[in-house]
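See below for the structure under consideration.
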Amino acid sequence: MADDFILETQGLTKYFGGFAALSDVNLRVRRGHLHSVIGPNGAGKTTLFNCLSGVLKPSAGRIILRGRDTAVGRRAAQPHHLARRGLGRAFQITSLFPTLTVLENVRLAVQARARSGSMSWIMWRSADRMREVTERAAAIVEDVGLAGKEHVPAFALSHGDQRKLDLGIALGSEPEVLLLDEPTAGVSREDVPGIVEVIERIRRTAELTILLVEHKMDIVLNISDRITVLQHGKFLAEGTPREIVANREVQAAYLGAEHVQHAGSA
């Protein structure tokens, strides 16, 4: 059923001058799935995310979110409009308010949603009196594994915990679809399992659809429902993790021998 697909692209194309960073990409993300996008450097993954989130205007094609085209007339939707329609994004580079505490960072995101969403908003209202907003922010802090660090300034967190906070800020907008752009980038090896655990937990508890870009193939293969492979801005393959590692075109383009062996032992 078409309703099962919460996010789609049809013929998505993006040119920079005469260079096609994306060319006729068709992507369908099923509601409730964790769908990963992989490919070698220069495959178009970040350009895809920038188009989906409204940072870039596509040169051609359509983006459909919850059954509706994201374009407004001839204009691409702006990021804040997409956020109101249920699309959230955590960036590869963390975007935090470093001197604010963990709770304050998340509370700002929840407040921004409250201004246009279901929570009532009163200008100049004391933050201490905004009980509903504060309680929601505290619940998100716990969901992303930062309970006990609510009053720690963001700059004092480890890089791994900053990535968790970035996820919490993205969750503050109450997305139905969450774009995760390399959530373990720059994270120490010992902190990676904690990030993965948070991603899996918020997917279950918040009933989110997640579109993930991640270079660590062991993570992609272990947590994805489906995987799309891009190469030189074009669609190369799509399937389950087992189907992707068994695909000879993908093996030649990207994966390498160690992942082929992984597939054989799975």
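Residue count for the range 55-72, restricted to those that are farther than 22 Å from residue 32 by Cα and either assigned to a loop (DSSP other than H, G, I, E, B) or open to solvent by 60 Å² or more (accessible area, probe 1.4 Å) (or both): 7.
Does the range 156-164 contain any residue that is closer than 26 Å to residue 48 by Cβ, open to solvent by 60 Å² or more (accessible area, probe 1.4 Å) and in a helix (DSSP H, G or I)? Yes, the conditions are met somewhere in the range 156-164.
The combined condition, being within 19 Å of residue 212 (Cβ to Cβ), modelled with pLDDT of 95 or more and surrounded by 21 or more Cβ atoms within 10 Å (Cβ to Cβ), is fulfilled by residue 36. Take the conditions (1) in a strand (DSSP E or B); (2) open to solvent by 70 Å² or more (accessible area, probe 1.4 Å); (3) within 30 Å of residue 186 (Cβ to Cβ); residue 24 misses just one of them, which is (3). Selection of strands (runs of 3 or more DSSP E) fully inside the range 200-256 by the criterion of at least 2 residues being charged (D, E, K, R) and modelled with pLDDT of 90 or more returns 234-239. It is to be established whether one or more residues within the range 166-182 are over 28 Å from residue 111 (Cβ atoms) and not in a loop (DSSP other than H, G, I, E, B). Scanning the range 166-182 turns up no residue that is over 28 Å from residue 111 (Cβ atoms) and not in a loop (DSSP other than H, G, I, E, B).
The values are calculated or read from the model by the stated rules, or taken from the named source; none is laboratory data. This is a predicted model, so every value here is computed, not measured. Don't worry about glycine lacking a Cβ; one is built from the backbone with ideal geometry, like all the others, and counts go over all protein chains shown. Ligands, DNA and RNA are stripped out before the accessible areas are found, and what is left, the full protein with its side chains, is counted by its heavy atoms. Shrake-Rupley method; radii C 1.70, N 1.55, O 1.52, S 1.80 Å.
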